[in-house]
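J.: Could you have a look at this structure, given as structure tokens, before my questions?
The values are calculated or read from the model by the stated rules, or taken from the named source; none is laboratory data. These numbers were taken from a predicted model, which means no experiment stands behind them. Heads up, the Cβs are rebuilt from the backbone with ideal geometry, glycines too, and the neighbour counts pull from every protein chain shown.
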Amino acid sequence: MGHFAVIAPPLYSHFQALQALAQALLARGHHITFIQQADARTLLSDERINFVVVGEQTHPAGSLAAALQRLAAPGGLSLFRVIRDLASATDMLCRELPKVLTALNVDGVIADQMEAAGGLVAEALGLPFVSVACALPVNREVGIPLAVMSFRFGQNEKDLKRFQASSDIYDRLMRRHGEVIAHHARAFGLTTRHGLHQCLSPLAQISQLVPAFDFPRHHLPACFHSVPLRTESPAGELPAPWPGLRQPVVYASLGTLQGRRFRLFMRLAQACRNQGLSLVVAHCGGLNTRQVRQLELAGAAWVTDFVDQRAALQHAQVFITHAGLNSALESLACGTPMLALPIAFDQPGVAARIEWHGIGRRASRFSRVKVLERHLQHLLNDSRYRLRMSAMQAQLQRAGGSARAADIVEQALCQQQVVLAEAT
């Protein structure tokens, strides 16, 4: 059996998706080691997974919280601090991983697409590696807007120029990170590269984004596989995770990084109260007791820190989401229409796909209460949102989940073979 290292950014949603893959591999007798700064250890819940600490000098214990706080609000000048944080993390991993991976005597690497160091160091050491897109894939294609862009899909001349111009701006903004990638590629004796999209595996690439939920692509590599890692449904319907509430129920969660957005939750509570809707809020520990009470007074029916999201989505009529890919896929699997309020990262790209496919609506997180009310009424009164989800649900079910992803990883890392995607 093999020993595989997992290299990913220290983000809860990424670690959870990759943990699902790790658990499938553990069940087959493989050994899995996650490698990251000390604070990331708490992002894993399965004690069978080994964890090795790196970056103790530059990223000591206790330093992750401040970086995540900056990451949760990357607008304005703070965006450049976020980019410096990303560059610093990649630099640290590129410096420390070679020695650690050699000492661990790993057989291969599972590299999150959002951390270039995984692919760079694996290639430098001659180790086979698999790239995994836990968020929207970074694979670039002419005519497809970058994952961080909010553009609707289009193919006219104006659209194509807009997509290219935005890519150029993005690359200029990310120059500091690109310089780190380029520096270590040179130091490792690799070909010239400067972006995440140039650090992907030639053996196998796994994306959680199924084609039915993407914009139309025509030039993905032959080793690109669409396999969501956490879409397996439990047998039967789960019980509602909240006390008996008046229907219809609207469930709102903005993920682990954005749960402190109290003012947005207040506007949602007011909109639902005005429309006679029962709002359930899961703030993921982002609100204090006073804020929770204020939300309840403003009209929220039930406010909690964490909830079984699959159960919530099975019983809610609408899901108000930050449009994180994992949350959107869970909502899609449950057939729950979405009101997407994107904030950062690839969320604008996910929200654009939700809107383009007609499985939900997209709004600004700064929307006024009346605007939010109109969106909710559209979602509740138009059955076509749920109907459009059926074809996508079938594709999710056929994708194979973490078991299929484990098959791909084994073939790429144990047999060191290019794993070609099945024709669809």
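Results for (1) small (Gly, Ala, Ser); (2) touching a residue at least 24 places away in the same chain (Cβ under 8 Å), shown as yes or no for each residue.
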site: ASP112; (1), (2): no, yes
site: ALA116; (1), (2): yes, yes
site: LEU120; (1), (2): no, yes
site: PRO128; (1), (2): no, yes
site: CYS134; (1), (2): no, yes
site: ILE144; (1), (2): no, yes
site: ALA147; (1), (2): yes, yes
site: ASN156; (1), (2): no, no
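J.: Report every pair of residues separated by at least 6 positions or lying on different chains whose Cβ atoms are under 7 Å apart, first residue within region 208-223 and at negative phi, second crowded, with 20+ Cβ neighbours inside 10 Å and basic (Lys, Arg).
T.: The qualifying pairs are PHE213/ARG353; ASP214/ARG353; PHE215/ARG353.
J.: Now a separate question. Mind telling me which of the residues GLY236, GLY259 ends up being outside the structural domain of HIS283 (by TED's automatic domain parsing) and surrounded by fewer than 23 Cβ atoms within 10 Å (Cβ to Cβ)?
T.: GLY236
J.: Related question: Within the set of pairs 6+ apart or on separate chains, which have a first residue in region 320-342 that is free of Cβ contacts under 8 Å to residues at least 60 places away in the same chain and under 16 Å from VAL281 (Cβ atoms), a second that is among the aromatic types (Phe, Trp, Tyr) and assigned to a loop (DSSP other than H, G, I, E, B), and C-beta atoms under 9 Å apart?
T.: none
J.: Output the number of residues of region 44-98 satisfying the condition of being of a type in the set (Phe, Trp, Tyr) and surrounded by 16 or more Cβ atoms within 10 Å (Cβ to Cβ).
T.: 1
Every residue, every condition in (1) at positive phi; (2) over 18 Å from the mean Cα position of the chain (by Cα); (3) assigned to a helix (DSSP H, G or I); (4) outside the structural domain of THR256 (by TED's automatic domain parsing), yes or no:
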| position | (1), (2), (3), (4) |
| --- | --- |
| ALA328 | no, no, yes, no |
| LEU339 | no, no, no, no |
| VAL371 | no, yes, yes, no |
| LEU387 | no, yes, yes, no |
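J.: Could I ask something else about it? Please note which strands (runs of 3 or more DSSP E) are completely contained in region 196-265 and include at least 2 residues that are touching an Asp or Glu at 6+ places or on another chain (Cβ under 9 Å).
T.: Fully inside region 196-265 and qualifying: 224-226.
J.: Has region 296-304 got any residue that is closer than 26 Å to GLN69 by Cα and of a type in the set (Asp, Glu)?
T.: Yes, region 296-304 contains at least one residue that is closer than 26 Å to GLN69 by Cα and of a type in the set (Asp, Glu).
J.: Out of ARG186, ARG193, ARG152, report the one residue that is basic (Lys, Arg) and at pLDDT below 95.
T.: Within the list ARG186, ARG193, ARG152, the selection yields ARG152.
J.: Which residue is nearest to GLN347 (Cα to Cα), if the candidates are limited to region 226-284 and must be among the small types (Gly, Ala, Ser) and modelled with pLDDT of 95 or more?
T.: Of everything passing the filter in region 226-284, SER253 is nearest to GLN347 (Cα to Cα).
J.: GLU296 fails exactly one of the following numbered conditions: (1) within 23 Å of GLN16 (Cβ to Cβ); (2) outside the structural domain of PHE151 (by TED's automatic domain parsing); (3) among the acidic types (Asp, Glu). What is the number of that condition?
T.: The failed condition is (1).
J.: Continuing with this model, one more query. State whether one or more residues within region 1-23 are in contact with a His (Cβ under 7 Å, 6 or more places away or on another chain) and modelled with pLDDT under 95.
T.: The answer is yes; a qualifying residue exists.
J.: Here's another thing I want to ask about it. Is it the case that ALA185 is among the aliphatic types (A, V, I, L, M), touching a helix residue (DSSP H, G or I) at 6+ places or on another chain (Cβ under 8 Å) and closer than 30 Å to GLN270 by Cβ?
T.: No; evaluated as a whole, the condition is false for this residue.
J.: Search region 284-306 for residues that are in a helix (DSSP H, G or I) and pair each with any residue that is among the β-branched types (Val, Ile, Thr) and surrounded by 16 or more Cβ atoms within 10 Å (Cβ to Cβ) when their beta-carbon atoms are under 8 Å apart and the residues are at least 6 apart or on different chains.
T.: VAL292/VAL303; LEU295/VAL281; LEU295/VAL303; GLU296/VAL303
J.: Assigned to a helix (DSSP H, G or I), within 19 Å of the chain's Cα centre (by Cα) and surrounded by 24 or more Cβ atoms within 10 Å (Cβ to Cβ), is that true of ALA333?
T.: Judged against the criteria, ALA333 is not a match.
This table checks each residue for (1) crowded, with 19+ Cβ neighbours inside 10 Å; (2) within 22 Å of LEU18 (Cβ to Cβ); (3) aliphatic (A, V, I, L, M); (4) at pLDDT 95 or above.
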site: GLN347; (1), (2), (3), (4): yes, yes, no, yes
site: ILE359; (1), (2), (3), (4): yes, no, yes, yes
site: ARG368; (1), (2), (3), (4): no, no, no, yes
site: ALA391; (1), (2), (3), (4): no, no, yes, no
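J.: If you don't mind, another one. For region 127-138, which residues satisfy the criterion of being in a loop (DSSP other than H, G, I, E, B) and farther than 17 Å from PRO216 by Cβ?
T.: Once the filter is applied, which keeps residues that are in a loop (DSSP other than H, G, I, E, B) and farther than 17 Å from PRO216 by Cβ, region 127-138 yields LEU127, PRO128, CYS134, ALA135, VAL138.
J.: Now for a different question. Condition check: surrounded by fewer than 22 Cβ atoms within 10 Å (Cβ to Cβ), over 30 Å from PHE80 (Cα atoms), in contact with a His (Cβ under 6 Å, 6 or more places away or on another chain) and of a type outside the set (Ser, Thr, Tyr). Does ALA399 satisfy that?
T.: Considered against the rule, which asks whether it is surrounded by fewer than 22 Cβ atoms within 10 Å (Cβ to Cβ), over 30 Å from PHE80 (Cα atoms), in contact with a His (Cβ under 6 Å, 6 or more places away or on another chain) and of a type outside the set (Ser, Thr, Tyr), ALA399 comes out as no.
J.: Looking only at residues in region 139-189 that are of a type in the set (Lys, Arg) and in a loop (DSSP other than H, G, I, E, B), which one is nearest to the chain's Cα centre (by Cα)?
T.: This residue is ARG140.
J.: Another question about this same structure. In region 117-134, which residue that is hydrophobic (A, V, I, L, M, F, W, C) and out of contact with any Gly (no Cβ under 8 Å at 6 or more places or on another chain) is farthest from MET174 (Cα to Cα)?
T.: It comes out as LEU125.
J.: Would you check which residues across region 341-369 are hydrophobic (A, V, I, L, M, F, W, C) and either part of a helix (DSSP H, G or I) or within 16 Å of the chain's Cα centre (by Cα) (or both) and list them?
T.: Result: LEU341, ILE343, ALA344, PHE345, VAL350, ALA351, ALA352, ILE354, TRP356, VAL369.
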